[in-house]
Amino acid sequence: QITLKESGPTLVKPTQTLTLTCTFSGFSLSISGVGVGWIRQPPGKALEWLALIYWDDDKRYSPSLKSRLTITKDTSKNQVVLTMTNMDPVDTATYYCVHRLGGIYAFDIWGQGTMVTVSS
Amino acid sequence: QSVLTQPPSVSGAPGQRVTISCTGSSSNIGAGYDVHWYQQLPGTAPKLLIYGNSNRPSGVPDRFSGSKSGTSASLAITGLQAEDEADYYCQSCDSSLSAWVFGGGTKLTVL
């Protein structure tokens, strides 16, 4: 059974850097085809894909946020970390960690999400 | 402004059939990328409902079906039930953006 869980601060100040950790179980990020990504959802708004990292360390980023995002993995710890610099109140959202369905560009398993508020 | 366009809301009575459209362009759905659908019940994380245009993950009732044609896709729900009241999102990939893209979401209300 695949599970993912997000952790990180619930409140960050404007201009600060956000670091979120996704801890997963039930699969290995060293297996060919596997990917783990991040998606966010501002309150009352739509889903927005942020970043994804593959088993071979290939990384993909949202073009509109690429300059602010970094995604890394620690295969031994079964963790994926997302950092987002220069946080702004518009970045207030629930951030989800997701498992990419192998061979298909869909996200089959989602974490419960973690709400991050950006406010001074 | 989402890359994929969905109606903001749809509604139907219990037992009825509703459809939700997802319109893209030649750089995403029209380029041959698959469309996937997610259901988000109030206060919960989204759940994969349809993948690869028309495939249901294990456990998803066959009341839910998906289709794709040209630059659009549709999600159909038959035998509408109160528990189907949720937000529904379509998702695909876009070659111009080199990104995974979502629709703006559709709120389904069961009357």
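Structure notes:
- Convex hull volume per residue in cubic angstrom - Cα atoms of the protein assembly as shown: 115 Å³
- Cross-link pairs beyond the 29 Å C-alpha cut-off, checked among A:Lys59/B:Lys107; A:Lys13/B:Lys47; A:Lys73/B:Lys68; A:Lys45/A:Lys77; A:Lys45/B:Lys68; A:Lys73/B:Lys107: A:Lys59/B:Lys107; A:Lys13/B:Lys47; A:Lys73/B:Lys68; A:Lys45/A:Lys77; A:Lys73/B:Lys107
- Dipole magnitude for the protein assembly as shown: about 120 debye, using +1 per Lys or Arg Cβ and -1 per Asp or Glu Cβ, origin at the Cα centre.
- Set the Cα radius of gyration of region A:44-120 against 2.2 N^0.38 Å, with N its number of residues, and you get 1.15.
- If you wrap the tightest convex hull around every Cα atom of chain B and split its volume per residue, you get 92 Å³.
- Descending semi-axes in whole angstrom, ellipsoid equivalent of region A:80-120, from the Cα gyration tensor: 26, 11, 8
- Listed residues A:Pro89, A:Leu52, A:Met115: farthest to the positive end of the dipole of chain A (Cβ charges): A:Pro89
- Computing Rg and the Kirkwood Rh from the Cα coordinates of region B:51-111 gives a ratio, Rg/Rh, of 1.00.
- Taking Cα centre as origin and charging only the Cβ of basic (Lys, Arg, +1) and acidic (Asp, Glu, -1) residues, the dipole magnitude of chain A rounds to 140 debye.
- Both chains summed, the buried accessible area for A and B stands near 1600 Å², from protein heavy atoms and a 1.4 Å probe.
The values are calculated or read from the model by the stated rules, or taken from the named source; none is laboratory data. All of these numbers come straight from a predicted model, not from anything done at the bench. In this analysis, Cβ positions are derived from the backbone assuming ideal geometry, glycine residues included, and neighbour counts consider all displayed protein chains. Protein only, heavy atoms only, side chains kept; ligands, DNA and RNA dropped before computing areas. Shrake-Rupley method; radii C 1.70, N 1.55, O 1.52, S 1.80 Å.
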